[in-house]
Amino acid sequence: MPEHETAEQHGSPIREVGEFLRRRREQIAQRWADEPLFRAVFTISRDEAVDAARTVIDALAQVADAERANDTDAAGFTVVREQLARMGAARSRAGFSTAQVSNEVDALRPPAVNLLIADLPDASPDEVRECATALTVLMGTLRLVVLDTALNENQALIERQQLQLLEVATPVIKLWDGIVAVPLIGTLDSARSQVVMETLLQAIVEQHARFAILDITGVPTVDSLVAQHLMKTVAAARLMGAECVVSGIRPAIAQTIVHLGLDLGTVLTRASLADALAYALHELGSGIIAPTNGGTVRGDR
Amino acid sequence: MTDDFYRVPPPHVPVLRLGDVLLVTLQGDLHDSTAQQLQQEIGETIASSGVTGVVIDISGVEIVDSFLARTLAEIAANSSLLAARTVVAGMRPAVAITLVELGLTLPGLRTALNTEAAMDLLAADTHRPGGPREHR
C-alpha cells in the first residue's frame, strides 16, 4: 500500500499541516492581515492585525499537533476564543450578519491552502490533497469556533438584557403620602409579575402606603394567567394592610376579561390612574380642589 | 444539653389591654399549641373585659404556616361573635406572598400596615354610627 507508506514516512497529514503552519507562520499572518476579517477589526495598525493573525495561527498549529482538527473544544482554541469573540462582535456591530462573518472566516482558507500547495513542491499529488483536506477541515473547525463564540456572546447579551428589563420595567412611584403606584408596561409573565409583587410589597412597607395603584394601561393583553397574577398581588397587598386599586383597564381588555369569565369581583378598579388617585386621596381624607376665582392663585382678583 | 435548651416550654404570648383594644404581639416562631392557647385566651379576655377591638401585631413573625393563618382567621371570627373587631397588623411582604401562593387570602380578615394604622382603623370604626358597641 503506497499511500500507507507515504503516511508513515511523513506522519499524518494533520501533523504535516501543523508543521507547515509553524514553518510559514509569518507568510500566512501577512496574508491574513490583508483579509477583510482582520483588516476591518484591527484598524489601528497593520502590525496589530499581523499579531492577531499570528495568535490564531499558533492556536491552529497547537490543535493540529493534538490531532483534534474536528474538535471545537480543543485546548488550542480556548486561548483565542476571547480574541475571536471580539472580532466577531466587531463585525456584528458593523452590521454584518452571522453568515457574512462566517464567510469572512472562510476567506482565510484559500491563501493558507495556496501557500500549503506551494510549500509541498516535491510531494505526491495524493499527499498534497490529503494535507489540503486536513487544512480545510481545520479551517472549518475555526469557522465553527467563531460562530459558536459569537452565538454564546449573543446568548449572554440576551440574558443580561432580560435581567435589566426585569429591573427597569417595574418602578414603584410614590404619588402621595401613603399612595404608591406601579405602571405596568409590556407583557406580564410569571417571572415579571413575581418581581412586581415583591417590589410593590417592599414599597408598601417602606413608604407606609395605605393605597397601591396597579396601572395596566401599558399591558397589551390580559389572559387568565395575567389576571391571576393581578389578583395575587392585590390579595398580598391586602394582607399587608394596603388597599390595591387596578386602573387603566382598556375596553377591549375589559371585554376579554368578561369573555374569559374571570371574576375580578374582589379587585377594586378605576378607569384611569387619575381616577384611582382621586379615590385614594378621598379615602385618605384629602382632596384636590380647583382654585376659585378669588383663590390664592394670584392673591388679587 | 442542647436538646433541653431547645425544648423549653412554648413562650406565653402577652395579651395587653389598651383602653378598648387588646394588643397581641407575636414574636418569632409560634408553636401550634401556643397559637391555640392564644386563641382561647383572647376569647376569654374579650368576654370578661368587653373590649371592642383586637390588634394582632405579626411584624415579628417570619414564618406563617397554614395552621397559624387558620388560627388568625378563627380568632377574627371568634372576636366578631363577641362583638370585637380584629385587625392583623404588620405582615411582612415575604409572609404575604407565601400566604397568597398557598391560596390563603384570608378574606374575612382585616389588615393594617402597622399597629398604629390598626388602632386608627378601630378608632374610626368605633366612632362611626352603627359601629361596635355604639348602643352602649
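The values are calculated or read from the model by the stated rules, or taken from the named source; none is laboratory data. On a predicted model such as this, the values are computed, not experimentally measured, just so you know. No Cβ is skipped: glycine too gets one built from the backbone with ideal geometry, and neighbour counts run over all protein chains shown. Please note that ligands, DNA and RNA were not included when accessible areas were found on the heavy atoms of the full protein model with its side chains. Shrake-Rupley method; radii C 1.70, N 1.55, O 1.52, S 1.80 Å.
Suppose we filter A:Ala242, A:Ala271, A:Ala252 for residues that are under 25 Å from A:Arg210 (Cα atoms), open to solvent by 40 Å² or more (accessible area, probe 1.4 Å) and small (Gly, Ala, Ser); which single one remains?
Within the list A:Ala242, A:Ala271, A:Ala252, the selection yields A:Ala271.
Would you check if there is a residue in the stretch A:207-230 being within 35 Å of the chain's Cα centre (by Cα), among the aliphatic types (A, V, I, L, M) and open to solvent by 20 Å² or more (accessible area, probe 1.4 Å)?
The answer is yes; a qualifying residue exists.
Using the structure shown, decide if A:Ala112 is surrounded by 17 or more Cβ atoms within 10 Å (Cβ to Cβ), in the same structural domain as A:Ala132 (by TED's automatic domain parsing) and under 23 Å from A:Arg129 (Cα atoms).
When the stated conditions are applied, A:Ala112 passes them.
A:Ala64 - would you say it is assigned to a helix (DSSP H, G or I), free of Cβ contacts under 8 Å to residues at least 40 places away in the same chain, surrounded by 15 or more Cβ atoms within 10 Å (Cβ to Cβ) and out of contact with any Pro (no Cβ under 8 Å at 6 or more places or on another chain)?
Answer is no for this residue.
Restricting attention to the stretch A:178-206, and to residues there that are open to solvent by 70 Å² or more (accessible area, probe 1.4 Å) and not charged (D, E, K, R), which single residue is modelled with the lowest pLDDT?
Checked the stretch A:178-206; the qualifying residue modelled with the lowest pLDDT is A:Thr187.
With the checklist (1) over 30 Å from A:Gly218 (Cβ atoms); (2) open to solvent by 50 Å² or more (accessible area, probe 1.4 Å); (3) without any contact (Cβ under 8 Å) to a residue 60 or more places away in the chain in hand, flag the one item A:Ala132 doesn't pass.
Here A:Ala132 clears every test but (2).
Residues being under 12 Å from the mean Cα position of the chain (by Cα) and open to solvent by 20 Å² or more (accessible area, probe 1.4 Å): count how many of those fall in the stretch B:58-79.
6
Could we say that A:Ala209 is part of a loop (DSSP other than H, G, I, E, B) and within 11 Å of chain B (Cβ to nearest Cβ) here?
Considered against the rule, which asks whether it is part of a loop (DSSP other than H, G, I, E, B) and within 11 Å of chain B (Cβ to nearest Cβ), A:Ala209 comes out as yes.
Return a yes/no flag: does the stretch A:216-231 have any residue that is within 14 Å of chain B (Cβ to nearest Cβ), among the aliphatic types (A, V, I, L, M) and assigned to a loop (DSSP other than H, G, I, E, B).
no
So B:Leu99 passes all but one of these: (1) within 15 Å of the chain's Cα centre (by Cα); (2) open to solvent by less than 10 Å² (accessible area, probe 1.4 Å). Which condition number does it fail?
Every condition holds for B:Leu99 apart from (1).
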